[in-house]
1. Would you grab the residues whose amide H sits under 5 Å from the one on residue 181? Only those 5+ places off in sequence or on another chain, please, with H modelled 1.01 Å from N.
2. To the nearest 20 Debye, how big is the dipole of the chain about its Cα centre, given +1 on the beta carbon of each Lys and Arg and -1 on that of each Asp and Glu?
3. Express in whole angstrom the spacing between the alpha-carbon centres of segment 72-140 and segment 214-248.
4. Just from its helices, what would the mean residue ellipticity at 222 nm be for the chain, if runs of 4 or more DSSP H residues each count -39500 (n - 2.57) and the sum is divided by every residue, rounded to the nearest 500 deg cm²/dmol?
5. Along the charge dipole of the chain, Cβ charges K/R +1 and D/E -1, which of 126, 221, 45 sits furthest on the positive end?
6. Roughly what angle does helix 13-24 make with the longest principal axis of the chain, taking Cα atoms, 0 to 90 degrees, to the nearest 10?
7. Of 113, 209, 57, whose Cα points farthest to the positive end of the dipole of the chain (charges on the beta-carbon: +1 Lys, Arg; -1 Asp, Glu; origin at the Cα centre)?
8. Of the peptides 49-56, 16-23, 112-119, how do they stack up when ordered by the mean number of other Cβ atoms within 10 Å, highest first?
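No lab work stands behind these numbers, since they all come straight from the coordinates. Computed from a predicted model, the values in this text were never measured in an experiment. Heads up, the Cβs are rebuilt from the backbone with ideal geometry, glycines too, and the neighbour counts pull from every protein chain shown.
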Amino acid sequence: MSGVAVVTGAGSGLGRAAALALLGDGWTVVLAGRRPDALEATAALSPAGPGRTLAVPTDITRPDEVAALFRATTDRYGRVDLLFNNAGAPAPRVPVTEVAFEDWNRVLGTIVTGTFLCSREAFRVMSGQDPEGGRIINNGAPSAHAPRPHSVAYTAAKHAVLGLTRALSLDGRAHGIACGQIDVGNVAPTDGAPQPAARQADGSTAVEATLPVSHFTDALLLMASLPVTTNVQSLTVLPTTMPFVGRG
């Protein structure tokens, strides 16, 4: 299956990888993110023709900019078949007593509010288009299920994304909208930098296994390729030896 996809956080990292994989699989992709130059850099890497990419600089924490993103998408392509809610925000790894209020708001605002605002606009478009329906895939994390030490803001945000995914999945049934979540473990740095050590549940640190970004995109394409009558509610992709269950 292919169609029109919107990818947030498309200027770098997993968002860029997802956008390029979707383009390579025949999708038309709208690239959303705060940095116009990064979006244009992603578009320049596209394996598809220029008519199948559109860069729309967007701050997903602002309702007016999110509405403009989806308006630009429908003005150009007429519909939205897939939304990949990927954009995130880094969170300092500090004890809860040292978490700054500004950091808490930034992480929750981007990951939770941004996911909600984009999903709300996608619902408005998908429920009114012909044929009706579409798919939303939320980028969760193993932290949506089990926390790491010193990650209170990020863990709270990803737990909230899990709740959003379930609520959207339920509310989408009446409109042919499938919503699922992909939880991705350690992905090898694309710039070849060494994997940093991660704090473990017992307070020690260890360098953990990673997987190539292509294993993530393969899983994403599997979810995106299914008809909306079939949903992958939750898919966890991680290195076999990565600490996850119990974080032990």
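1. 138, 234, 235
2. Numbers: 19 positive and 20 negative charges, 45 e Å.
I would put it at about 220 debye.
3. Their Cα centres are 18 Å away from one another.
4. -11500 deg cm²/dmol
5. 126
6. 30 degrees
7. 113
8. 16-23, 112-119, 49-56
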